[in-house]
Amino acid sequence: MKSHYTGRDAFLSLLADEGVDHLYGNPGTTELPIMEALGRHPAIRFVLGLQEAVVLAMADGFARASGRLTACNVHVAPGLGNAMGSLYNAQWCGPRTR
């Protein structure tokens, strides 16, 4: 049997290679392939949030407290819309460059 490397595995491997060990998300039907692939990537811990604004806020808080890179996985269209307020807050309150 020929083995293959999927996009979902490439995505999770890239996150791990960049030092991401927490993936925050609110999974739905479009995110099921990533959820399935997480079992093959034990270095990444999935943190469930029940709404995208909360998911992004949790990731932002973790990144600020730990000083480490985090990632979010939200629904394609409405999820991004729900997360925009928290994304704006994260950017606005984030570190300033001079």
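Quick notes
- Selection status of residue 85, in contact with a helix residue (DSSP H, G or I) (Cβ under 7 Å, 6 or more places away or on another chain) and either among the charged types (D, E, K, R) or surrounded by fewer than 18 Cβ atoms within 10 Å (Cβ to Cβ) (or both): yes
- Filter pass, residue 65 being within 19 Å of residue 18 (Cα to Cα), among the aliphatic types (A, V, I, L, M) and more than 14 Å from the chain's Cα centre (by Cα): yes
- Verdict on residue 31 being modelled with pLDDT under 95 and acidic (Asp, Glu): yes
- Unique residue being at pLDDT below 95, of a type outside the set (A, V, I, L, M, F, W, C) and surrounded by 13 or more Cβ atoms within 10 Å (Cβ to Cβ) when the list is 75, 4, 41: 75
- Single residue of the stretch 50-72 satisfying the filter (farther than 10 Å from residue 26 by Cβ and in contact with a Phe, Trp or Tyr (Cβ under 6 Å, 6 or more places away or on another chain)) that is surrounded by the fewest Cβ atoms within 10 Å (Cβ to Cβ): 58
- Residues that are of a type in the set (Asp, Glu), assigned to a loop (DSSP other than H, G, I, E, B) and exposed (fewer than 12 other Cβ atoms within 10 Å of the Cβ) within the stretch 7-38 comprise just one, 18.
- Beta carbons closer than 7 Å, at least 6 apart along the sequence or on distinct chains, pair a first residue in the stretch 20-44 that is in contact (Cβ under 8 Å) with a residue 40 or more places away in the chain and farther than 21 Å from residue 67 by Cα with a second that is part of a helix (DSSP H, G or I) and of a type outside the set (Gly, Ala, Ser) for 26/52; 26/55; 27/35.
- Some residue of the stretch 49-66 being without any contact (Cβ under 8 Å) to a residue 24 or more places away in the chain, part of a helix (DSSP H, G or I) and farther than 16 Å from residue 90 by Cβ: no
The values are calculated or read from the model by the stated rules, or taken from the named source; none is laboratory data. It should be emphasised that the depicted structure is a prediction, and the values quoted were computed from it without experimental measurement. Positions of Cβ are backbone-derived with ideal geometry, glycine not excepted, and every protein chain shown enters the neighbour counts.
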